1. Which one of D108, D46 is within 16 Å of V278 (Cβ to Cβ), more than 20 Å from the chain's Cα centre (by Cα) and of a type in the set (D, E, K, R)?
2. Scan (1) on the phi > 0 side of the Ramachandran plot; (2) open to solvent by less than 60 Å² (accessible area, probe 1.4 Å) for the single condition S280 breaks and write down its number.
3. Would you mention how many residues in segment 111-138 are over 18 Å from the mean Cα position of the chain (by Cα), open to solvent by less than 30 Å² (accessible area, probe 1.4 Å) and hydroxyl-bearing (S, T, Y)?
4. Scan segment 141-188 for residues that are hydrophobic (A, V, I, L, M, F, W, C) and surrounded by fewer than 16 Cβ atoms within 10 Å (Cβ to Cβ) and report the count.
5. So, of the residues in segment 52-62 that are more than 12 Å from T82 (Cβ to Cβ) and out of contact with any Pro (no Cβ under 9 Å at 6 or more places or on another chain), which turns out to be surrounded by the fewest Cβ atoms within 10 Å (Cβ to Cβ)?
6. Return a yes/no flag: does segment 27-39 have any residue that is open to solvent by less than 10 Å² (accessible area, probe 1.4 Å) and within 17 Å of the chain's Cα centre (by Cα).
7. Pairs please, first residue from segment 304-320 and in contact (Cβ under 8 Å) with a residue 60 or more places away in the chain, second anywhere and open to solvent by 30 Å² or more (accessible area, probe 1.4 Å), Cβ atoms under 6 Å, 6+ apart in sequence or on different chains.
Amino acid sequence: MEKRELGHSGLVVSVLGLGCWPLGGGPGWGDQDESVSIATIHAALDHGINFLDTAEGYNSGRSEEVVGKAMVGRRDKALITTKVSPSNAEPATLRAHCEASLKRLQADYIDLYQVHWPITAYSVEEAFATLRDLQSEGKIRAIAVSNHGVEQLGEVLATGTPIASNQMCYSLLTRAIESGVVPLCHENDISIIAYMALMQGLLAGIYESPDDVPPFRTRTRHFSGKRPGSRHGEEGAEVETFVALAGIRRIAKELGIPMAQLALAWVASRPGVGCVLVGSRKPEQLARNVAAASIELPPDALEELDAVTNTLRIKLGTNPDVFQGAGNSRTH
């Protein structure tokens, strides 16, 4: 599988990475057999995926525990990234939470340690100074951020900390980062790690209408703010979303490839993207997604995909937060 360096960190990751949040089960995901989760991680390694993504906040640490168990005897085969929550960014607390993640992961070091969301309640300077200390101590190899917009990434860069990557929601249905985040990352040699590349199953082509989508997955700004669990307060873009999906489905059919593989290949082809996370809960699901790594989309297909998703891109605007509206966006 193709490998790409994250920024100038020296970390060379597979173009597809395994998103491990679902492997911990729990609210929104349902029950998950631990043995199946471990088998899925092992299958990812066997397919050439070397990048495993988790966070302390996923399933209250359960995802990290599963990754840790799967890595026993195979730690040298994978690069592990986990995330600290911004509520734990006070220096002493941050250090303690890094140690707790290491314990759950059964690891001596974390390859890529990300600040999960922008820090608002504590000093950004002090938090990143602590991260640099942890790096110098060998607890973490590289420092990164997640869900940071232009303004927030600028604050982090002002600390003088080398940042390897910025993990952002990026897909054919969520292109807001193209307007500001991607150019800023490019200017500073920061790679994009793309999550929700299949937009929680929408881009797998399994839903025919908004009402077919489970409530847990209709909380994004693509759907009406009146749907259960929604907190963005906007009208949504349900018509535009499903018109775009119809166009993507047609293009996939014309190319003779599954819609999900087309969607993953598109994200992987975008400038600045270092890794695309795929969330698979079973080895057989993973095998289908891995095929996307070998697909090179022709220029005319890329142009057509841009065209069929452009109306939706304009409707959703430049707010990168897919769950909250512009007035209370966490990413700016």
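The values are calculated or read from the model by the stated rules, or taken from the named source; none is laboratory data. Everything numeric here is computed off the predicted structure, so don't read it as measured data. When we count neighbours, we look across all protein chains shown, and the Cβ atoms used for this are built from the backbone with ideal geometry, even at glycine. Side chains are part of the model used for accessible areas, which takes the heavy atoms of the whole protein and leaves out ligands, DNA and RNA. Shrake-Rupley method; radii C 1.70, N 1.55, O 1.52, S 1.80 Å.
1. Exactly one of D108, D46 is within 16 Å of V278 (Cβ to Cβ), more than 20 Å from the chain's Cα centre (by Cα) and of a type in the set (D, E, K, R), namely D46.
2. The one condition S280 does not meet is (1).
3. Result for segment 111-138: 1.
4. The qualifying residues number 1.
5. S60
6. no
7. Pairs that qualify, where the first residue is in contact (Cβ under 8 Å) with a residue 60 or more places away in the chain and the partner is open to solvent by 30 Å² or more (accessible area, probe 1.4 Å), are T311/E240; L312/E240; K315/E240; T318/S179; N319/A326.
Here's the yes/no breakdown for (1) over 26 Å from G25 (Cα atoms); (2) out of contact with any helix residue (DSSP H, G or I) (no Cβ under 9 Å at 6 or more places or on another chain):
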| site | (1), (2) |
| --- | --- |
| P91 | yes, no |
| A100 | no, no |
| W117 | no, no |
| T120 | yes, no |
| T130 | yes, no |
| G138 | yes, yes |
